[in-house]
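Here's the structure, in structure tokens; my notes come after.
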Amino acid sequence: MLKQILFAVLLTAAMVMFAWTLRRFIKMLLAGRAERRTDRIEARVDSLLYFFFGQRKVIEFVDIPASRWPRFSNLIGSRHHFIIFWGFLVICLGTLETFAQGLWPAFSWPLVMGDTLAGVLDAAVDSMNLIVLAVIGFAVFRRLFLKPRLIPMSRDAAAILSAIAALMVTHFAMHGFRAVAGTVEPGFFLSDALAGALSGSVSPETAGLVSEANWWVHVVLLLVFLNYLAYSKHSHILAALPNIYFRQLGQRGVLSKLNLEADDMAQTGVVSEWKDFTWKSLLDSFACTECARCSNYCPANRTGKPLSPMQVVHDLRDDMKSRLPDRGPLDDIIERFQHGKAAAEEARQPRDLIGGRTSEEVLWSCTTCGACLEVCPVFIDQPGKILEMRRNLVLLQEKVPGDLVRTFKNLEQNGNPWGLGADRRMDWAEGHNVPTLDEKPDAEWLFWVGCAGAYDDRLKKQTLALVDILRQAGVSFAVLGMEEGCCGDSARRAGNELLYQMEAQQNVETMNAKKVKKIVTPCPHCLHVLKNEYPQMGGNYEVRHHSQLIAELIEQGKLVIERSGNGGGKLTFHDPCYLGRWNGEYQAPRAVLDRLGGERVELGRTREHAFCCGAGGGRMWMDEKTGTRVNHDRTDEILATGATTVATACPYCTVMIKDAVDDRDAGERVQVKNLSELVAKAMVRTNAPGETAAH
């Protein structure tokens, strides 16, 4: 009876403490900016089944380079976490029985479900305890010998792994010695095997005492573990399920529209402190599993920049914890244990989140490629947080890198980031009889040229090639001409929301006045903004990338391609981040290139795991002064394939890769061509060049 009373008191105290901790953290999350994430319940439940219980993002093949035995390390990846996850779900059923027996000693699963089912369950629990223990051993082996690109094991992580291992060991000791003492539990076959080995060397009385001691160690460890979770790196055990359920569904990478006239812009997306982030962004920081995939795949991080997307998330979490209004001695004790006294005291020092915990250089290093979000097993939006903090630097602190100051000035004065005169926007079309919407108001498609295709001499060939293709296919199109302005992507991704809204509003007013319905553009950055963000400004259009439209024209037989075989050389394709990861288009450009014939080789980092060219997020206009240039890293991979042609589907990618090819003195053996150039060269012509085909 005394045991039951002591356990009841311990269990009650632990549950009250856990409820207090949970309430404390939920209250902290709700202090964040409001955001609606309660739509599409069926899809959210599907997400839980697929990504939480199915652990799809965890078990997918992920290349994490290791210094030893890389093939073995990559084959295993993070699959052992799947085993630990499901092992714990099964073990929890055994835990329920253990807790119930602490209150009602006669309780057992056979009383509830019968001997057969209970025996199967107990055997599964016994097996999973051994498997989890073995996997923990492998995790230690992996870190010590395979050496994947993971963060060093902290005291916190070591304590958690040790506690889990201790739970497994005490499980076997508890049931094994119980069997020696005379209590037979047939389902626990591994524990019974242990009992067989111990039988004869330990008296039943001693075995009973050892079993009871292990029972107490087991339940105390469980209750301490439960209460420690929210304060540890394993907070994701509590936060992963709601974080996956409330993940962003549908279109990715759409920034919130700021109300620039609001007294408090923090309520619409300019963050200054942790409370200015949405509650979901705050939840993200507790859901982080510290798997380091986001940082491993980050092009800035991989090329020696100071950006670690994982650390950005941790900075937010640490800032939250340091500013808790009800901080107490328990917080200090836990932080000293996790980080050491000096580090814990430094973390508690008040400092700004933006420019303090997360430095300006870190925030400006991001190319907004989305690779981090793509590989995150719990769908943390790292780029969104970085861009909201950039808004603070630009709009509130007025801390803008010199390169971007010049770019913003060019956009304000000339309507393009190149800084060339606005009156030169149609120079590319001179002599090519390209109609404007004023001249052809009934055109089916607005051809959105974009600043790159209109002003950069290296890219004008791509623009004219697309004009040639549209004419050859009989597509009715026109351009805005001198009325086209910058779409605003560079300004918005660089944090200048004010400039973006000015540009976007003017473009929307122009297109709405001309009753534009359908847009085709060769620039994925323009595609993303026009399609996904202009609706915030009242511009709702059907927007297609030129690769998508070209693929349709070929499929419909309106465009016939000769199988030129690319002159006998190898061809490879570089996936643009804003076409692929942000807008989910991987197949259309490949379908078009495959019509050309010849040998097409895939890059090692391809499709959703493609490596960035380095130009996104305003980085096109900023010099790289730290580490390796991102475009050099990508180009070295391209050159290693032996390809003689690299196809692009983004003007920024063309510029960055061509520059890097030239820097590597490979310009004579590798051509960098846009999809439109390759198609225009290979298509069967039925119209004279420059002739407008009938629609």
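Each value in this text was obtained by applying a stated rule to the coordinates, not by laboratory testing. Only a predicted model underlies this, so the values are computations on that prediction, with no experimental measurement involved. Glycine gets a Cβ as well: all are built from the backbone with ideal geometry, and neighbour counts include every protein chain shown.
Of the trypsin sites (Lys or Arg not before Pro) found in the stretch 564-664, the ones in coil according to DSSP and having at most 12 other Cβ atoms within 10 Å of their Cβ are 625. Near residue 26: Cβ cut-off under 14 Å, other residues only, Lys/Arg at +1 and Asp/Glu at -1. The net charge is +3. Summarising the label geometry, the points placed 7 Å from Cα in the beta-carbon direction at residue 108 and residue 515 lie 8.2 nm from one another. Once both axes come from the Cα atoms, what is the angle between helix 109-141 and the longest principal axis of the chain, in degrees from 0 to 90, rounded to 10? For helix 109-141, the angle is close to 60 degrees.
Normalising the Debye intensity of the stretch 415-488 to I(0), with uniform scatterers on Cα atoms only, and taking log10 at q = 0.13 Å⁻¹ returns -0.35. Sorted on the mean count of surrounding Cβ atoms within 10 Å across their residues, most packed first, peptides 285-296, 325-336 read 285-296, 325-336. Here, P(r) means the percent of Cα pairs in each 5 Å bin from 0 to the largest distance; for the stretch 78-231 it is 2, 9, 16, 21, 19, 14, 9, 6, 3, 1.
Checking every one of the GluC sites (Glu not before Pro) in the stretch 374-469 against DSSP loop status and a limit of 10 other Cβ atoms within 10 Å picks out 398, 430.
All Cα-Cα separations within the stretch 338-454 were binned at 10 Å from zero, giving a P(r) of 10, 24, 26, 20, 12, 5, 3, 0, each value a whole percent of the pairs.
By the Stokes-Einstein formula, at 1.002 mPa s and 20 °C, the stretch 565-682 with its Kirkwood radius over alpha-carbon pairs has D equal to 150 µm²/s.
Looking at the calculated P(r) for the stretch 321-375, what percent of the C-alpha pair distances fall above 19 Å? I get 50 percent for the Cα pairs in the stretch 321-375 exceeding 19 Å.
Treating each Cα of the chain as one equal point scatterer and applying the Debye formula with no solvent, the log10 of I(q)/I(0) at q = 0.08, 0.11 Å⁻¹ comes out as -0.72, -1.14.
Protection proxy ranking for 198-206, 50-58, 173-181, 519-527, using the average of other Cβ atoms within 10 Å per residue and placing the highest first: 519-527, 173-181, 50-58, 198-206. Each residue of the stretch 361-378 was assigned a 3J(HN,Hα) from its phi angle through the Karplus curve 6.51 cos²θ - 1.76 cosθ + 1.60 (θ = phi - 60°); the sequence is 4, 4, 5, 7, 7, 6, 9, 6, 6, x, 4, 5, 5, 4, 9, 5, x, 10 Hz, with glycine and proline shown as x.
Seen against the Cα atoms of the chain and their longest principal axis, helix 382-391 is set at about 60 degrees. Tell me the trypsin sites (Lys or Arg not before Pro) within the stretch 379-467 that lie in a loop according to DSSP and have at most 16 other beta-carbon atoms within 10 Å. Sparse-neighbourhood loop trypsin sites (Lys or Arg not before Pro): 399, 458. Scaled against the 2.2 N^0.38 Å expected of a compact globular protein of N residues, the Cα radius of gyration of the stretch 414-555 reads 0.98. In terms of the mean number of neighbouring beta-carbon atoms within 10 Å, the peptides 534-540, 548-554 order highest first as 548-554, 534-540.
Using only the alpha-carbon atoms, how far is helix 309-322 inclined from the longest principal axis of the chain? Give it as 0 to 90 degrees, nearest 10. That works out to roughly 60 degrees.
With 10 Å bins beginning at zero, the pair-distance distribution over Cα atoms of the stretch 448-516 amounts to 19, 41, 33, 7, 0 %.
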